[in-house]
Amino acid sequence: MIRSKQLSVMGLMAMALITSVSQAAHHRTHQHQTVRVRTDEPDLRSSSALVLDTTHRSVLYSRRADVASPIASITKLLTVLVVADAGLPLDEPIQLTTEDRIMGKGASSRLVLGTTLTRGDLIHLALMSSENRAAHALGRNYPGGLPAFVLAMNAKARKLGMTSAHFVDPAGLSCDNVASAEDLSKLVMAASENPVIREYSTDRGYSVRVGRRTLEYRNTNALVSNPTWNIIVQKTGYITEAGRCLVMQAVIQGRTVVIVLLNSVGKNTRVADAVRIRRWMEAKLVTTEHTDKA
């Protein structure tokens, strides 16, 4: 009887041990699966996104990348490309007039009408600080005026292969300025070939003299001030219809990568998504290299 009880107790202990080992194995498997999922796909908050490895000509991540949507001030990259194509001098003075008084929600500007700046200054402010009146004045002072400029914008978009893109203004305040993430990757790559756009879009700060005052401007993308990032070209954008947008070309893990993030909800989400993409790429490349070696 005593021996029977001892065997029973031993049996229960054995079953408990087996259950414990099984649970531990299940837990380890679950942990492994979680890491694997995190490595395979970044957890982004943007509605539309594209991560393009231009070094290896491959798409690393895509979400609704073929869907055209409002792009807000990302438009300004195309605006400056059109100005550059026209060969207009950067040192030519341009005065802001009442025609540059842009109305509507989001049409903010620190530049007082009557201010005279060079075309180069206007380009600098439009790219770095998303200055709306600066961008509008650039389009207005194009040969043939604003209507000719908008036509040139759409012609340039077609030339770049931006098949779903359409533009109606140089500042990006209209929700009718639309493009897909795939379109914008082509725009970013074209913009990265222009040394002025590379320099001005990634500048941390810039000052201009307006009357008796000096206006200090800062970059709308906080990542340009982060020394751990190697950003070649960038542009932010925001209107209500577009949400928070961000496009960049950067070097990550020795690879040149284009990142397009559209319609991010929340002021800091687009930057947080860019950080998530970088961490995901670093983890993915390390995992891939480890697997190859194994």
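The values are calculated or read from the model by the stated rules, or taken from the named source; none is laboratory data. Source: prediction; values computed, not measured. Ideal geometry is used to build each Cβ from the backbone, glycine not excepted, and the neighbour counts take in all protein chains shown. Each accessible area value is taken on the protein alone, full model and side chains, heavy atoms only, with ligands, DNA and RNA left out. Shrake-Rupley method; radii C 1.70, N 1.55, O 1.52, S 1.80 Å.
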Simple SL model, points at 7 angstrom along Cα→Cβ for residue 240 and residue 216; separation in nm is 3.3 nm
Solvent-accessible area of residue 129, probe 1.4 Å, all protein chains present, reported in Å² to the nearest ten, please.
20 Å²
Give me the number: length gained by fully extending residue 41 to residue 99, i.e. 0.36 nm times residue separation minus the C-alpha to C-alpha distance, one decimal in nm.
16.2 nm
Label-point separation (nm) for residue 108 and residue 59, each offset 7 Å from Cα along Cα-to-Cβ?
3.5 nm
Tell me whether region 100-258 comes out rounded, prolate or oblate; compute the Cα gyration tensor, take square roots of the eigenvalues as a ≥ b ≥ c, and use a/c under 1.5 as the rounded threshold.
oblate
Just to check I understand the Karplus step: with θ = phi - 60° and J = 6.51 cos²θ - 1.76 cosθ + 1.60, what whole-Hz values come out for region 188-202, glycine and proline as x?
4, 5, 5, 5, 5, 7, 9, x, 5, 5, 4, 5, 6, 6, 9
Each residue of region 141-153 in order: what ³J(HN,Hα) in whole Hz does its phi give by Karplus 6.51 cos²θ - 1.76 cosθ + 1.60, θ = phi - 60°, with x for Gly and Pro?
8, 7, x, x, x, 4, x, 5, 5, 4, 4, 5, 4
Report the calculated FRET efficiency for residue 255 and residue 159 (r = Cβ-Cβ distance, R0 = 22 Å), to the nearest 0.05.
0.25
